[in-house]
Amino acid sequence: MATSSNPDTPTLASGPSVSRCRLDLVGCVAVITGASRGIGRAIALNLALRGCSVLGTCTNETSLELISSVLDSEVTRSYKDTARQRPSRLRIKGLGTIGEMDVQEVQHSLLGNIQTPVMIVDELVRRRLFQPDSRIIYISSVRSKQPWSRQLMYAAGKSAGESLCRTWAQAFGGKEEKYQFMAGTTANAVLVGLTQTEAVMNCGPDMVAEFQKEFFPAQSIPRFGQPEDVADVVGLLCSAEAKWITGSVISASGGGIKIG
């Protein structure tokens, strides 16, 4: 989550990389889950390069070294201390193959895709840490629209996350007196397609080939997405220019899912 920025902030450079050279998020703070790898790390880099302070989370202390180059040194030390005192237990085991699930697998999926984002947003609201014109962005998946019997819980969790954004958008935009301290806040889901991350590539060559066979024919741009592709979309939604986009699902799938 990142607070909004000043559209009049000058840029450092022009050209194709201008979006990554703008210091338009100075004074903002982003809380990014899974910031040590893949899409989360790419998002952390995108926002940090634009002057945003980043508080990244990860699942174990070893991963802290992977995000230390992104985070401010004081924040990193503080988070390391917190990690040692309260080690994370969030690990999603299994994605929900129909006929093969147990209660623990269902609970782990709900914890990662629904409970954790809900509790993060709730805690920030409770402590009134959101500022006016803040941004809430949930990372969803093509699975919310394109089901598969081997990812029942994953698809259900991502669909629920998109619903969360619609409710947050309605509550935080400025219509409810209770949340006036964060009026103008937007909430959107970014629907991610087949992306070249460790989580995908570690499935093995046969499964990766199966994914390509499933997804590439539907994509307008038939290639793997890169974490930076998704980060650019998230970065756009964090900008001041995105202030009028809220309660929406934005497809970052190379045209694999066309939402109109």
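We did not get these values from a lab; they are worked out from the coordinates using the rules stated. All figures in this text were calculated on a predicted structure; none of them were measured in a lab. Every residue, glycine as well, gets a Cβ built from its backbone with ideal geometry; the counts of neighbours run over all protein chains shown.
What the table below lists for this structure:
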item	result
Inter-label distance for Leu111 and Leu23, nm, one decimal - labels placed 7 Å from Cα along Cα-to-Cβ	4.2 nm
Cα→Cβ-extended label distance, 7 Å offset, between Glu241 and Glu123, nm	3.4 nm
Amide N proximity, the stretch 94-112 versus Trp148 label position 7 Å along Cα-to-Cβ, cut-off under 14 Å	94-98
Dipole magnitude (debye, nearest 20) for the stretch 162-227, charges at Cβ of Lys, Arg, Asp, Glu	240 debye
Of Lys178/Lys243; Lys178/Lys258; Lys158/Lys258; Lys145/Lys175, those spanning more than 26 Å from alpha-carbon to alpha-carbon	Lys178/Lys258; Lys145/Lys175
Efficiency of FRET from Cβ geometry, Glu210 and Gln170, R₀ 45 Å, rounded to 0.05	0.70
Cβ crowding within 10 Å averaged over residues, with 212-218, 187-193, 168-174, 96-102 ranked highest first	187-193, 168-174, 212-218, 96-102
